[in-house]
């Protein structure tokens with residue numbers, strides 16, 4: 001009687017232990033014991049979407065997706081309000097989600113960036129980045145550095161017609177919420193210290209929206225966190241476990 005084996009382990013199939021869930025983030029992301037990650041497909045706003053423009057955007061805002069990193073096919077979403085007499089500041093925005101979930105194409109982030117572009121007004125560049133646990137930190141920060149390399153190249157010799165028409169690279173602002181705020185903070189520190197060059201793209205400011213920071217010791221606000229909110233301590237701890245490299249802690 002013959003038995004089959006897996007190429008990787010040469011263990012008889014009859015003796016293999018089925019993979020089981022070791023982390024389950026609200027049913028959205030599951031990490032299995034064999035390293036497999038399962039994700040629920042969340043709603044996205046995609047180019048060519050026939051849905052009506054957001055009522056929060058009082059003026060028509062053009063938007064499109066541009067690939068800024070080809071290896072992982074990472075894109076940013078460019079939002080440009082109606083052209084005026086002068087070029088507009090550039091807002092680089094990183095979405096939230098604990099480094100684990102969401103996208104610039106998530107409806108809430110798409111709508112928020114439409115509104116930012118229209119009401120500031122500004123050219124908004126909303127960036128995607130690789131998510132954990134498939135790509136653990138510092139992958140998201142590395143992707144953000146690549147984005148700024150792309151931005152530096154655009155500022156030096158703009159090839160995108162929308163940016164050439166509307167973007168003032170002398171007034172670049174960096175922002176993000178939650179994990180995106182964490183990324184915005186780290187990028188701004190690196191730019192300010194000279195560790196990350198931006199060339200003609202001059203970063204003039206940073207706006208952090210409830211940034212996702214953490215340490216092993218509980219802060220007063222963490223200790224007082226109620227149980228009837230979305231981001232409970234349990235969920236926050238789980239996101240950090242999924243985002244950090246194996247063996248790392250929030251104090252590293």
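None of the figures in this text is laboratory data; all of them are computed from the coordinates on show. Model, not experiment: these values are computed from the prediction. Methodologically, a virtual Cβ is constructed for each residue, glycine included, from the backbone with ideal geometry; neighbour enumeration extends over all protein chains shown.
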Per-residue ellipticity at 222 nm attributable to helices in the chain (runs of n ≥ 4 DSSP H, -39500 (n - 2.57) apiece, nearest 500 deg cm²/dmol) works out to -8000 deg cm²/dmol
Cβ density ranking, 10 Å radius, fewest first, applied to 80, 124 yields 80, 124
Here the relative contact order (percent) of the chain, from C-alpha pairs under 8 Å and at least 6 apart, is 18
Relative contact order of region 172-252 (C-alpha contacts under 8 Å, at least 6 apart) in percent is 32
Distance in nm between residue 49 and residue 73 label points, each 7 Å along Cα→Cβ, equals 1.9
From fewest to most C-beta neighbours within 10 Å, the residues 113, 252 line up as 252, 113
Here the percent of antiparallel bridges among DSSP beta bridges lying wholly in the chain, to the nearest 5, is 50
If 68, 129 are placed from fewest to most neighbouring beta carbons inside 10 Å, the sequence is 68, 129
Rounded to 0.05, the calculated FRET efficiency for the beta carbons of residue 17 and residue 40 at R₀ = 25 Å is 0.50
In nm, the gap between the two label points placed 7 Å beyond Cα toward Cβ at residue 209 and residue 224 is 2.5
In region 62-211 the DSSP beta bridges are antiparallel at a rate, in percent to nearest 5, of 35
For region 62-211, averaging the sequence separation of alpha carbon pairs under 8 Å that lie six or more residues apart and dividing by its residue count, the contact order in percent is 28
